[in-house]
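Structure record follows, encoded as structure tokens.
The values are calculated or read from the model by the stated rules, or taken from the named source; none is laboratory data. Everything numeric in this text was worked out from a predicted model, so none of it was measured. Reconstructed Cβ throughout: ideal geometry from the backbone, glycine too, with neighbour counts over all protein chains shown. The accessibility values were calculated without ligands, DNA or RNA, using every heavy atom of the protein model including side chains. Shrake-Rupley method; radii C 1.70, N 1.55, O 1.52, S 1.80 Å.
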Amino acid sequence: MSSTAEEERGVRQDWEPEGLIEVWTLLEDDMAKLRNKSGANRLGFALLLKFFEVEARFPEGAREVPEAAVGYVAQQVKVSAGEWAAYDWAGRAIKRHRVGIREAYGFRICTEEEQAQLAEWLGVESCPVELSRDRLAEAVVARCRKLLLEPPAPGQVGRLVGSAVNTFEEGFCQATAGRLSATTRMLLDELVAEDVGGAEGEGSVGGGTAFFTELKADPAGLGLESLLKEITKLERVRKLQLPSELFADMSEKQVAAWRARDSKEYPSDLRAMKPQMRYTLLAALCHVRQTEITDTLVDLFIQLVAKINTRAAKKIEGEFVKELRRVRGKEGILLRLAEAAVAEPNGTVRRVIYPVAGESTLKALAAKAKANEARYRARVRMVLRSSYSNHWRRMLKPLLKALELKATTPSTGR
């Protein structure tokens, strides 16, 4: 067995002395099972016994057993480690050894009927939430251990996982297609149809292959044209009338995986599929894209408002900087105030500051600053409204409509 295969089976090959002692030490009961055994059979039985205790299965070959474990166990049974290479993996002795080890741990061989039950269990419990076939295989081995079953060989486990996945997908596709109305199924078919009214498929809600390609694409960036395209895209997806609870009982990871599968398919491939599989792939794509497009529009809305406000603020800041520079004697007054404060930091305002800049002057400066701040905010709002009315209105109105924003009334506690 190759090292790669060993890693896939999860067999640990690097053992520190502490680990060897903890896991591979033969106890008194273990040693009792070695009576009447010698040489390669004695070492082979001991290694299979401890391996089964760790992995709940037998090794596929000699190389799967860690070398460090071979040496450590050989010392305990007083047999040369080299005898491990002489152990007969196809003889009658190893068959008797396996029977005895299964009985010692209370395990039994997994029958075909039990394998079918494992596949059914896997399809119900694990396939809806797990995509990795390797982890599904690990789940089968763990289930066997729990049921005291010796798991099938790796190849059989792989076939068992494949059968469970196929059964799950067939049931998932059947259930999904059953939740779609006849109208929705027709519109989904139009997404991948060869000929739909008009060159761009504009004569149909489904939109044809042109819209199918457009649906999978992300927006080019912030701008009136790209935003309006996304709004149109969202409206067309909504017209497919997908049920809101279509995938309510399915994990988001699983739905996203089906969406990814659909994204890699060409319209011709989808047309050639069985209807239930085609509807499920297209529905998953449209369901996920509807959420993604809505999120994109929210992001664009936030960027849009920030851009409008930033442009208005920058414009007014420029105007106010010029105006503030025209305040007569402002710099001189501030300089004298700073010098007086530094010279007498413990002095009172009336004694130190007022002689430099009178009380009336300070009140006038404060009033002017306050008035400038209020006027600044008012000017920003005015410029913002002006920008909105000229260009941004074309974005905001359809955007707000597409997002279906709803006001919420705070609870009054009654």
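Observations, loosely collected:
- One residue stands out in the range 250-302 among those that are acidic (Asp, Glu) and in contact (Cβ under 8 Å) with a residue 12 or more places away in the chain: the one that is surrounded by the fewest Cβ atoms within 10 Å (Cβ to Cβ), namely GLU265.
- Residue in the range 139-158 that is over 24 Å from PHE52 (Cα atoms) and within 26 Å of the chain's Cα centre (by Cα) present: no
- Figure legend. Inter-residue proximity from the range 95-119: first residues touching a residue at least 40 places away in the same chain (Cβ under 8 Å) and within 24 Å of LEU43 (Cβ to Cβ), second residues open to solvent by 70 Å² or more (accessible area, probe 1.4 Å) and among the β-branched types (Val, Ile, Thr), beta-carbon distance below 8 Å, spacing 6+ or different chains. Indicated pairs: ARG102/ILE109.
- Members of the range 206-242 that are at pLDDT below 85, surrounded by fewer than 17 Cβ atoms within 10 Å (Cβ to Cβ) and either among the basic types (Lys, Arg) or not in a helix (DSSP H, G or I) (or both): LYS216, ALA217, ASP218, ALA220, GLY221, LEU222, GLY223, LYS229
- In the range 85-127, the residues that are of a type in the set (Val, Ile, Thr) and within 41 Å of the chain's Cα centre (by Cα): ILE109, THR111, VAL124
- Apart from one condition, ARG35 fits all of (1) within 20 Å of ARG12 (Cβ to Cβ); (2) assigned to a loop (DSSP other than H, G, I, E, B); the exception is (1).
- Of all the numbered requirements in (1) surrounded by fewer than 17 Cβ atoms within 10 Å (Cβ to Cβ); (2) out of contact with any Leu (no Cβ under 6 Å at 6 or more places or on another chain); (3) not charged (D, E, K, R), ALA139 misses one, and that requirement is (1).
One line per residue, one yes/no per condition, for (1) within 36 Å of the chain's Cα centre (by Cα); (2) part of a loop (DSSP other than H, G, I, E, B); (3) under 21 Å from LEU148 (Cα atoms); (4) at pLDDT 90 or above:
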position: ASP14; (1), (2), (3), (4): yes, yes, no, no
position: ASP30; (1), (2), (3), (4): no, no, yes, yes
position: PRO59; (1), (2), (3), (4): yes, yes, yes, yes
position: ALA68; (1), (2), (3), (4): no, no, no, yes
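Matching residues to (1) in a helix (DSSP H, G or I); (2) of a type outside the set (Asp, Glu); (3) modelled with pLDDT of 90 or more; (4) touching a Lys or Arg at 6+ places or on another chain (Cβ under 6 Å):
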position	(1), (2), (3), (4)
SER244	no, yes, no, no
ASP262	yes, no, no, no
GLU265	no, no, no, no
GLN276	yes, yes, yes, no
ALA283	yes, yes, yes, no
ILE302	yes, yes, no, no
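- Residue check for GLU194: open to solvent by 60 Å² or more (accessible area, probe 1.4 Å), over 30 Å from GLN303 (Cβ atoms) and at pLDDT below 85: yes
- Close pairs (7 angstrom Cβ cut-off, 6 or more residues apart or separate chains): open to solvent by 10 Å² or more (accessible area, probe 1.4 Å) and of a type in the set (Lys, Arg) in the range 179-191, in a helix (DSSP H, G or I) and modelled with pLDDT of 90 or more anywhere: ARG185/TYR279
- For the range 62-79, the candidate set comprises residues that are of a type in the set (Gly, Ala, Ser) and in contact (Cβ under 8 Å) with a residue 12 or more places away in the chain; within that set, the residue that is surrounded by the most Cβ atoms within 10 Å (Cβ to Cβ) is ALA69.
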